[in-house]
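A quick write-up on the structure given underneath.
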Amino acid sequence: MITSNLSNLARGVDTAFIVILSVIFFFLIGLTVVLIIFILRYRESKNPVASQIHGNNKLEIIWTVIPLLIVMAMFYFGWTGWKPMDSAPPDDAFEIETTARMWKWSFKYPNGKRLDTLVIPAGKPVSLNMNSLDVIHSIYIPAFRLKKDINPGSERNAWFIANTPGIYDLFCTEYCGLEHSSMISSVKVLSADEFESWYADSVSETHIAVKTEVSASSRGKQIVQQLGCNACHSADGTKIVGPSYLGVFGHEVTVIRDGKTVTVTADEDYIRRSILDPNFEIVEGYNKGLMLSYEDLLSDEELDLIVEYIKSLN
Ligand SMILES: [Cu+2]
């Protein structure tokens with residue numbers, strides 16, 4: 001079968017694609033052949049005097065009706081492929097809160113689990129309730145033929161059924177700024193049984209795979225990587241979108257607070273405040289509103305680990 005069956009949406013999209021592509025190829029080849037025949041048959045040496053033709057109703061009707069039927073067929077397949085994407089999710093759909101922000105995906109499950117990859121059961125409808133915190137993003141899972149814009153301030157839904165266990169790409173397909181290309185993640189489709197035990201497993205309560213054997217600062221580093229902070233911050237002194245973490249801790253930082261320039265010492269509270277309420281004070285020379293609060297993404301323990309990491313770079 002040429003059409004994919006990885007999700008309930010795939011066949012409709014592939015069918016429309018193949019129908020349209022076939023029409024295109026038919027005309028590409030047909031017109032090229034006719035062109036060559038005409039060049040040979042009516043070239044000047046064979047046909048020195050041009051013949052003048054004045055209208056032909058039969059031809060006019062034929063080349064109006066046939067293209068009309070062709071475009072109506074394309075419309076039909078396009079419509080039937082798109083319709084299931086626009087329908088309301090079934091009542092038994094598994095709902096996942098999907099949040100897009102510059103430049104990270106976050107998937108929150110009904111039991112509080114939170115991850116940056118999408119883990120779902122095979123053969124069961126999954127409904128993504130999607131929201132953007134900042135700009136327009138667009139979710140794209142090519143294998144499932146799923147693609148939908150996510151606009152800040154209005155929740156949108158996308159639902160589908162993944163048929164086959166496996167790992168598939170998921171990314172943002174709406175150019176959303178400097179690190180747009182790092183908004184890449186994956187979908188892990190598990191069999192229903194595997195999903196049940198994964199879902200019930202409380203160890204991976206959040207997306208932070210905290211390993212207890214390693215030091216606090218390297219666990220903090222892991223968290224910072226997983227949350228996507230490094231899209232905007234470096235650890236080597238390079239300015240990206242935001243200041244580098246290098247040598248911030250314990251130093252004086254000039255910030256704008258309520259329109260006034262003040263100097264503060266970057267202590268633990270300052271670091272915490274910078275992460276939970278980034279727009280309370282803005283580091284001089286940087287833009288307001290780029291960093292958004294991570295309050296709902298971090299536990300207190302994780303926040304402490306991040307502070308340890310930034311301290312360790314001093
Ligand atoms: Cu994006």
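The trypsin sites (Lys or Arg not before Pro) of region 22-107 that DSSP puts in a loop, and whose beta carbon has at most 13 other beta carbons within 10 Å, are R43, K46.
In whole Å, what is the distance between the alpha-carbon centres of region 28-69 and region 250-314? Region 28-69 and region 250-314 have Cα centres separated by 72 Å.
Mind checking region 36-72 for chymotrypsin sites (Phe, Trp or Tyr not before Pro) that DSSP puts in a loop (not H, G, I, E or B) and that have at most 12 other Cβ atoms within 10 Å? Taking region 36-72 and a limit of 12 other Cβ atoms within 10 Å, the loop chymotrypsin sites (Phe, Trp or Tyr not before Pro) found are Y42.
Cβ crowding within 10 Å ranks F160, F17, F26 as F26, F17, F160, fewest other Cβ atoms first.
Of the trypsin sites (Lys or Arg not before Pro) found in region 215-288, the ones in coil according to DSSP and having at most 15 other Cβ atoms within 10 Å of their Cβ are K288. Straight-line cross-link reach from K221 at under 24 Å between alpha-carbon atoms covers these lysines, not counting any fewer than eight positions away in the same chain: K104, K108, K113, K211, K239, K311.
Take the eigenvalues of the Cα gyration tensor for region 94-200, scale each by 5, and report the square roots as semi-axes in whole Å, largest first.
Taking √(5λ) for each Cα gyration eigenvalue gives 23, 14, 12 Å.
Test of understanding: ordering L276, L303 by Cβ neighbours within 10 Å, fewest first, what list do you get?
Going from least to most buried by this count: L276, L303.
For region 10-83, the residue among F27, I39, I66 whose Cα projects farthest onto the positive side of the dipole built from Cβ charges is I39. Scalar couplings 3J(HN,Hα) for region 263-268, obtained by applying the Karplus form with A = 6.51, B = -1.76, C = 1.60 to θ = phi - 60°, are 10, 10, 8, 7, 9, 4 Hz; x denotes Gly and Pro. Normalised radius of gyration (Cα atoms, divided by 2.2 N^0.38 Å) for the chain: 1.44.
In the chain, helices alone account for a calculated mean residue ellipticity at 222 nm of -11500 deg cm²/dmol, with every DSSP H run of four or more residues adding -39,500 (n - 2.57). Once a ≥ b ≥ c are taken as the square roots of the eigenvalues of the Cα gyration tensor of region 10-83, is the result rounded (a/c under 1.5), prolate (a/b larger than b/c) or oblate (a/b not larger than b/c)? Taking the square roots of the gyration eigenvalues as a ≥ b ≥ c, region 10-83 is oblate. Scan around N157 for amide H atoms under 5 Å from its own, H built in the peptide plane at 1.01 Å from N, and keep only partners 5 or more places away or cross-chain. Hits under the 5 Å cutoff: M130. The alpha carbons of region 1-140 stretch over 82, 31, 30 Å along the principal axes, in descending order.
Between F280 and E252, the FRET efficiency estimated from the beta carbon spacing at R0 = 25 angstrom works out to 0.90.
Note that region 135-150 has calculated 3J(HN,Hα) couplings of 10, 6, 10, 8, 7, 9, 10, x, 4, 9, 6, 10, 7, 8, 5, 10 Hz, one per residue in order, obtained from phi through the Karplus relation 6.51 cos²θ - 1.76 cosθ + 1.60 (θ = phi - 60°); glycine and proline are x.
No value in this document is a laboratory result; all are computed from the given coordinates. Since this is a predicted model, take the numbers as computed values, not measurements. Glycine also receives a Cβ, built like all others from the backbone with ideal geometry; neighbour counts cover every protein chain displayed.
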